[in-house]
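Data block below; observations after.
The values are calculated or read from the model by the stated rules, or taken from the named source; none is laboratory data. Keep in mind it's a predicted model, so treat the numbers as computed, not measured. Using ideal geometry, Cβ is built from the backbone for each residue, glycine included, and neighbour counts are taken over all protein chains shown. Side chains included, ligands, DNA and RNA excluded: accessible areas come from the protein's heavy atoms. Shrake-Rupley method; radii C 1.70, N 1.55, O 1.52, S 1.80 Å.
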Amino acid sequence: MLDGFAQVEEYAIRAKEHNNQQYLCISDHGMMAAVPRQIRACNTMGLKAIHACEVYVNDKHSLKEHLDELSDEDRREVRKSYHLLAIAYNNEGYQNLIKLTSWGFIHGFYYKPRVTHEQLRKYKNGIIFTSCCYNGEIGQAFDRGGEDAAYQKLEYFIEMFGKDNFYLELMLLDFHKQKPYDAWLIKAH
């Protein structure tokens, strides 16, 4: 219930009805399956489509080939899929979103279609990234190692994407771990 549950067409109608919005962004998890419907709905309602994807990230993906050699903790780490929102702001970004999500299904699938930091660096042009919710790498660093670990991960992403292409995402969820993380996000901003 924390993610969207309406149909793309319903979002397009509401976007036009409320505040006469001009744009509609849809960000499926791990894929871009809604894009054709988003384009049709936006054309019908006179909106411009903004394409995005909440990609799943795991930079330890290659270790999945050696699971039986890993400790239980490392196995759990290999299975995790961290959230990262990727929003295309031009055609190159849209093409790169397609490349990222395709790579995730073809080469990175392990429970979910995942991408690595290497792929993010390779296909980052034309995309703005946000930290996502508590299940992003920064949120998880905050949970495990406190503010210092979260700052280190934040600096890593700013170095990877550039300060103009990476944003902290504040989520007002009534989740006991999200609240202290939100307070840190405001401080870190």
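For the range 68-189, which whole-number percentage of the solvent-accessible area (1.4 Å probe, protein heavy atoms only) is attributable to carbon and sulfur atoms? It would help to have the intermediate numbers written out before the result.
On the way: 3450 of 6800 Å².
Carbon and sulfur atoms account for 51 percent of the accessible area of the range 68-189.
Overall, the chain carries a charge dipole of about 540 debye about its Cα centre when +1 sits on the Cβ of Lys and Arg and -1 on the Cβ of Asp and Glu, all other atoms neutral. Under a straight-distance cross-link criterion of Cα-Cα below 16 Å, which aspartates and glutamates are reachable from Lys177, leaving out those fewer than 8 residues away in the same chain? Within reach: Glu137, Asp143, Glu147, Glu169.
Across the chain, Cα pairs under 8 Å and at least six residues apart give a relative contact order of 16 percent.
Placing a label point 7 Å from the Cα of Lys122 along the Cα-to-Cβ direction, the residues of the range 139-178 whose backbone N falls under 18 Å from that point are 160-161.
Remark: the chain carries 58 Å² of accessible area per residue (probe radius 1.4 Å; ligands, DNA and RNA excluded).
Tell me, what % of the accessible area of the range 1-42 is carbon and sulfur with a 1.4 angstrom probe?
On the way: 1580 of 2880 Å².
Here it works out to 55 percent.
With a Förster radius of 25 Å applied to the beta-carbon distance between Lys99 and Glu77, the computed FRET efficiency rounds to 0.45. So for the range 88-189, considering every pair of alpha-carbon atoms, how many percent are separated by more than 22 Å? The share of Cα pairs beyond 22 Å in the range 88-189 comes to 36 percent.
Could you work out the relative contact order of the range 75-137, using alpha carbon pairs under 8 angstrom and six or more residues apart, expressed as a whole percent? Display every interim value, and only then the final one.
Numbers: 79 pairs, mean separation 31.2, N = 63.
For the range 75-137, the relative contact order is 50 percent.
When the charge dipole of the chain is built from unit charges on Cβ atoms (+1 for Lys and Arg, -1 for Asp and Glu) and taken about the Cα centre, the candidate among Ser131, Asn96, Leu120 whose Cα reaches farthest toward its positive end is Asn96. Please identify which residues in the range 30-52 have an amide N closer than 17 Å to a label point set 7 Å out from the Cα of Glu17, following the Cα→Cβ vector. The answer is 41-42, 44-47. Dividing the convex hull volume of the alpha-carbon atoms in the range 1-121 by its residue count gives 111 Å³ per residue. The sum of -39500 (n - 2.57) across all DSSP H runs of n ≥ 4, divided by the residue count of the chain, sets its helix-only mean residue ellipticity at 222 nm to -14500 deg cm²/dmol.
Each 5 Å bin, from zero up to the one with the longest distance, holds this percent of the alpha carbon pairs of the range 1-44: 5, 23, 32, 25, 12, 3.
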